[in-house]
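All remarks here apply to the structure that follows.
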Amino acid sequence: MNAIVVSTLLGVMMMFCSWGIQSQKAQKNIALFGLIILIMANLAQANGWYTFNYDTKGMLAFNVFGLYANTLMFALTFIYVWINGEEISKLSNAAADFYSLIFFILCGVSVLTSFDNLLMLFIGIEILSIPLYILTGADKKNMLSNEAALKYFLMGSFSTGILLLGITLIYGGSGSFHLAPPLIHISTGMVEEQLLVSAGLILIFAAMNFKVSAAPFHFWTPDVYDGAPTVFTSFMATIAKAAGFIAFVKVFNTQYLALGYSWTILLTFVIIATLLVGNIIAVFQRSVKRMLAYSSIAQAGFMLFALYGKSEISNESILLYAVVYSIATIGIFGVLVKMKENSFEAFNGLAKADPLLAFTTTIFLFSLAGIPLTGGFFAKYYMLSNLLKAGAGLWLILVAVVFAAISIYYYFKIIQAMYFTAGEPAIGPMPKNYQYQLLVLAIVLLVLGVLPNLLLNYLYF
Amino acid sequence: MPIQYYIYFCLTLFSIGVVGVLTRRNAIIVFMCIELMLNAVNLLLVAFSKMYYGLAAQNSVANTAGIDAQIFVFFIMVVAAAEVSIGLAIIVMMYRNTHSIDINFLNRLKN
């Protein structure tokens, strides 16, 4: 509850900052300070210090997993603002508005990590999505940004409609919006409960796939990620997506029982399709930004493995994966934002011109590809080992490993351009300070790659 | 009236909305079709709410059954209004740049 209330208040406060305080640097620092307050408020609740203790009538349920996920998401946002603050300021004179939207998104994130009712799932998803539509169109004069915003908006509200129909059908079958496991408890004799609940769950599954850009519903992702301003693509691909996955896991870690055996078939189909589409199309991209959009689809395929099996197993792997993937993605987008163009050729000869930057970029790419000694390796490893514990077939793990190997190809195209192709990198002015910030991210990834227990020790609920 | 009628009617409305979103090229009409989908869901929620209320009344149990669905309808309406304000702002922003609200304009990002 703390996180929901405090993030809303901070969002409103940032809104007033946009005309009260002119200095962009001050606005960024206020946002960073607000994020620290938010993290502390959330930690206070995690340690049993309830400041806002309302009876939510079963709408929200705060558990250790949700609060810990909140803390991690807020910390990731802190890193994101810390690195991208200057770039956000360049987009508009009133950058504080963007920070305020980011705080509202964090409010949506904290609803999504603690909902216990399908109504709150819907509200959380909308609080998360609506500010994202605005952020996508933040570059008002840019046609591509407009196009991405409209596309994202139409697709997003379309999927909301599907989500709502799913929720309604579940209500029709069960007479309740609660997430508690025995779904069908009233026999009305008027409707076919089992049919309605199954249809509703499948519709919710489709809508959630839409939100996290999994395969049959991924087609908006490359266009929107490509058209949105790069700083906000970075936010969309990391924190917003991770929150979507946490909600996804929360809905289905009890509800999937209602679908019976067909759940496994459905999930396996979606996962393989997502891995296939993401990885194969990413190979053929000429723009790095578009390649990263497809790679984020491919990573979503990996994160979907968390839906297999019981919640205790999947919770820890989804959090580790989301954090590691987000750090690496924020890093690589942080490099991309300074590039003058988005093609692979822009990276030519970067290792000669700027060895430190080339090194950090390489760490980010290693982590995304899942090379040992970086965090990405352990994230993938835990995901697959938990998959095995959940009783999935060995062939599925082999498929995942094959696709991870394919992903190495397109990530290494950038490394090859940086280290083995001569040329002049098309990189804009890069302050030393900024490079050290990126280096910190790379070091975090390396530390998580050697000692993943730093994060995982908190994850045994 | 049996609940089935409401289910079929709402599903028909919803399908009209889906078909409209997928086939129409005018951004405003696409938008109206999305609203149609949401309103079909609202109607279905109210119908289910009445069904559960009636069942509870028959068995003479607590008469608050089905009330949560009606509250849900209000939330959907509020959120839809918020979405409309954002969506129209985006459409106006696009119109200023392209002087058109045709979705076929949305193909610059393909290549």
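Just so you know, all these numbers are worked out from the coordinates, no wet-lab data involved. All figures in this text were calculated on a predicted structure; none of them were measured in a lab. Heads up, the Cβs are rebuilt from the backbone with ideal geometry, glycines too, and the neighbour counts pull from every protein chain shown.
A few remarks follow.
- Test item: B:89-100 mean partner chain Cβ contacts at 10 Å: 4
- Charge-dipole axis of segment A:323-432 as Lys and Arg at +1 and Asp and Glu at -1 on Cβ define it, positive-most pick from A:PHE364, A:PHE344, A:LEU398: A:LEU398
- Residues with amide H under 5 Å from that of A:LEU60, placed H, sequence gap 5 or more: A:ASP116
- Highest average packing first - B:50-56, A:417-423, A:117-123, A:228-234, Cβ atoms within 10 Å: A:228-234, A:117-123, B:50-56, A:417-423
- Peptides ranked, highest mean first, by Cβ atoms within 10 Å: ranges A:284-294, B:85-95: A:284-294, B:85-95
- Centroid-to-centroid separation of segment A:153-174 and segment A:357-408 [C-alpha atoms, Å]: 33 Å
- Here the gap between B:ALA57 and B:TYR95, fully extended at 0.36 nm per residue and compared with their Cα-Cα distance, gives a gain of 8.4 nm.
- Each label was represented as a point 7 Å from its Cα along the Cα-to-Cβ direction; for A:HIS178 and B:LEU11 these points are 2.9 nm apart.
- Straight-line cross-link partners of A:LYS250 among the aspartates and glutamates, defined as a Cα under 14 Å from its Cα and at least 8 positions apart when in the same chain: A:ASP116, A:GLU312, A:GLU316.
- Test item: B:18-25 mean partner chain Cβ contacts at 10 Å: 1
- Chain B: C-alpha gyration tensor shape, a/c 1.5 cut-off, then a/b vs b/c: prolate
- In this Cβ point-charge picture (+1 for Lys and Arg, -1 for Asp and Glu), chain A has a dipole of about 640 debye about its Cα centre.
- Between B:ARG24 and A:LEU356, the distance separating the two model label sites (each 7 Å from Cα on the Cα→Cβ line) works out to 5.5 nm.
- Taking each residue as 0.36 nm, the span from A:LYS389 to A:PHE52 lengthens on full extension beyond its C-alpha to C-alpha distance by 117.4 nm.
- Treating r as the C-beta distance of A:PHE16 and B:ILE67 and R0 as 60 Å, the FRET efficiency rounds to 0.95.
- Summary of the geometry: segment A:110-150 and segment A:1-75, compared by the centres of their Cα atoms, lie 18 Å apart.
- At an R0 of 41 angstrom, the distance between the Cβ atoms of A:SER23 and A:VAL283 translates into a FRET efficiency of 0.35.
- Coarse-grained scattering of segment A:231-279 at q = 0.16, 0.31 Å⁻¹, given as base-10 log I(q)/I(0) from a Debye sum over alpha-carbon atoms: -0.62, -1.03
- Counting only other chain Cβ atoms within 10 Å of each residue's Cβ, the peptide A:114-121 averages 1.
- 20 Å-binned pair-distance histogram of chain A (Cα, whole percent): 25, 60, 14, 0
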